[in-house]
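Have a look at the structure below, then the notes.
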């Protein structure tokens, strides 16, 4: 092997080392961002659970007030809602399936809310 070949080989190794260092730095940045995302996701899941619990409390209170006589159209909406569909028009959700039959405050307002 000539001296020039040794220098070229050493330069190539130096370049590979520099690329490896940059790759490790990029991995660390991505890892930190992923940790932030996982933490935010956990916070949102907890908040979502609290909201669901509150919705269930409100629904239970509403039911405990005694049954209200609904109009025929509201009874139809209530039936659709109980079958798992949105009856509100928030974000054009009307007619779409509610995920896991989760309660929807907007749908409940359409069905049970007071009208003037």
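Per DSSP helix of 4 or more residues, -39500 (n - 2.57); summed, then divided by the residues of the chain. What does that give at 222 nm, rounded to the nearest 500? Please list the in-between numbers first.
Numbers: 3 runs with 81 residues, N = 116.
Calculated from helices alone, the mean residue ellipticity at 222 nm is -25000 deg cm²/dmol.
Taking the chain as the reference, fit the longest principal axis to its C-alpha atoms, fit the long axis of helix 72-82 to the helix C-alpha atoms, and give the angle between the two in degrees, 0 to 90, nearest 10.
For helix 72-82, the angle is close to 40 degrees.
Evaluated at 20 °C with a viscosity of 1.002 mPa s, what Stokes-Einstein diffusion coefficient in µm²/s does segment 1-66 have when Rh comes from the Kirkwood expression over alpha-carbon pairs? Don't skip to the end; give the middle numbers.
Values: Rh = 17.0 Å.
Taking Rh from Cα pairs, D becomes 126 µm²/s.
Output the Cα-based Rg and Dmax of segment 67-116 in Å, rounding Rg to one decimal and Dmax to a whole number.
10.4, 32
What is the fewest-to-most order of 86, 52 by other Cβ atoms lying within 10 Å of their Cβ? Don't skip to the end; give the middle numbers.
Values: 86 20, 52 12.
Ranked by crowding around the Cβ, least crowded first: 52, 86.
Give me the tail of P(r) for the chain as a percent: Cα-Cα pairs with distance above 21 Å.
Value for the chain (Cα pairs over 21 Å): 63 percent.
Find how much the distance from residue 27 to residue 53 grows on full extension, using 0.36 nm per residue of separation minus their present alpha carbon separation; answer in nm with one decimal.
On the way: separation 26, 0.36 × 26 = 9.36 nm, distance 3.88 nm.
That pair, residue 27 and residue 53, stretches by 5.5 nm at full extension.
Against the longest alpha carbon principal axis of the chain, how many degrees, from 0 to 90 and to the nearest 10, is the axis of helix 3-64 turned?
Tilt of helix 3-64: around 10 degrees.
Readers should treat all values here as calculations from the given coordinates under stated rules, not as data from a laboratory. None of the values given here were measured: they were computed from a predicted structure. Cβ atoms come from the backbone with ideal geometry, glycine included; neighbour counts cover every protein chain shown.
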